[in-house]
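*Asks:* Attaching a single structure in C-alpha cells format; questions to follow.
Every number here is computed from the coordinates shown, using simple stated rules; none is lab data. All values reported here derive from a predicted model rather than from experimental measurement. Methodologically, a virtual Cβ is constructed for each residue, glycine included, from the backbone with ideal geometry; neighbour enumeration extends over all protein chains shown.
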Amino acid sequence: MARDIIVNGEALIRVRFGAQLPASISNILSSNTNLSELGLAQNEVRITPNFHHLDIYADDFGPEIPAEIHWMLADANISMTLVHYDNTILDYCLQQSIAGGGNPTNEGTLAPAGTPMGGFVPFLASGYFFVSLNIISPVLGQAWRFPSAYLSENPIVLPLGTKRSLVELNWRAVPFGTHSTGEISSSGVVLWDHIVQI
C-alpha cells in the first residue's frame, strides 16, 4: 500500500459482553452474539498503546546501559466522546467494569473488592466481565477490536444539563487469555486486532 492521507471518518462503537447477561439486556442485543451498538463518536477516538519493557543490567555494561531488554507485554488506553448512544448499554458497560456489580439492576452497586475481571473463564463465557470493544470505520474500512477492555480509572464524564449529554469514556484494554484448564497465559493473546464483529 502506498503512503496517503488517512481519514478514518466517523466511528461506530460496538460492544460485546460475557454470557451472564440479564434478560433486560439480552433482549435488545443482536441474536446469539451479545453484540450491541453503544454509540457514535462525536469526533476522533484516541487509541494509545502502552508498550512495557524491562531493562536487564550486567556488570560488563555498567549501571546505565542494559545488556538486554525484556518485552513485558502491553496495554492500551482508548478515549472517546459519544454524541449518540444507548444509555442502557452504557449503564451495562459501567456495571461490567466494576466486575458485574453487586446488584444486576443497578450499575452503581459495587462488586466485592478483589473480584477478578476475567473470572478465570474463556473469552465471553459467563463470569467474563471484560467488554469486547469494537470501533467500526465505514469510511476507512478498518475496524479496531479490543477483546478485553473495561472502563478504567476516571471511566466516564457525563454532563447532566439542558443540552445534549456528550459522554466522555476512558477505556483500558489488556491482554487477557485463559486455557481450558483455567491457566492464565500471555503467549499469543490478542490486545487488539482488526476483526469486524458481526
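*Asks:* Taking the Cα centre of the range 45-100 as origin, sum charge times position over the Cβ atoms of Lys and Arg (+1) and Asp and Glu (-1), and report the length of that vector in debye to the nearest 20.
*Replies:* 440 debye
*Asks:* Taking the simple approach of a point 7 Å from Cα along Cα-to-Cβ for both residue 193 and residue 40, what is their distance in nm?
*Replies:* 2.9 nm
*Asks:* Next question. If packing is taken as the average count of other Cβ atoms within 10 Å, what order do 147-160, 123-136, 78-91 fall into, highest mean first?
*Replies:* Numbers: 147-160: 15.6, 123-136: 20.6, 78-91: 17.1.
Packing order, densest peptide first, comes out as 123-136, 78-91, 147-160.
*Asks:* Further question: For the charge dipole of the chain, defined by +1 on Lys and Arg C-beta atoms and -1 on Asp and Glu C-beta atoms about the Cα centroid, which residue among 70, 186, 130 has the Cα displaced farthest towards the positive pole?
*Replies:* 130
*Asks:* What is the spin-label model distance, in nm, from residue 153 to residue 70 if the labels are put 7 Å beyond Cα along the C-beta direction?
*Replies:* In this crude label model, residue 153 to residue 70 measures out at 2.5 nm.
*Asks:* Let me ask you something else. If you add up the charges near residue 74, with Lys and Arg at +1 and Asp and Glu at -1, over every other residue whose beta carbon is less than 15 angstrom from its beta carbon, what do you get?
*Replies:* Details: positive: 172; negative: 75, 193.
Charge balance near residue 74 sits at -1.
*Asks:* Considering only the other residues whose Cβ falls under 10 Å of the Cβ of residue 197, what net charge follows from Lys and Arg at +1 and Asp and Glu at -1?
*Replies:* Numbers: positive: 14, 16, 145; negative: none.
So the surrounding residues net to +3.
*Asks:* Normalising by the residue count of the chain, find the relative contact order in percent from Cα pairs under 8 Å and 6+ residues apart. Mind showing how you got there, number by number?
*Replies:* Values: 427 pairs, mean separation 46.5, N = 198.
Rounded, it is 23 percent for the chain.
*Asks:* Of the listed peptides 15-21, 56-62, 2-8, 37-43, what is their order by residue-averaged count of other C-beta atoms within 10 Å, with the highest listed first?
*Replies:* Top to bottom by mean Cβ count within 10 Å: 15-21, 37-43, 56-62, 2-8.
*Asks:* In debye, nearest 20, what is the charge dipole magnitude of the chain about its Cα centre with +1 on Lys and Arg Cβ and -1 on Asp and Glu Cβ, if you could check?
*Replies:* Working: 8 positive and 17 negative charges, 178 e Å.
Here the size comes out at about 860 debye.
*Asks:* For semi-axes √(5λ) of the Cα gyration tensor in Å, the choices are [x] 31, 23, 17; [y] 42, 20, 15; [z] 44, 15, 11; which was calculated from the structure?
*Replies:* Among [x] 31, 23, 17; [y] 42, 20, 15; [z] 44, 15, 11, the one calculated here is [x].
*Asks:* Which angle from 0 to 90°, rounded to the nearest 10, does the C-alpha axis of helix 87-97 make with the longest principal axis of the chain?
*Replies:* Between the helix axis and the principal axis of the chain, the angle is about 40 degrees.
*Asks:* Work out, step by step, the length gained on full extension between residue 10 and residue 50: first 0.36 nm times the residue separation, then minus their alpha carbon distance; give nm to one decimal.
*Replies:* Details: separation 40, 0.36 × 40 = 14.40 nm, distance 2.43 nm.
12.0 nm is the gain from fully extending residue 10 to residue 50.
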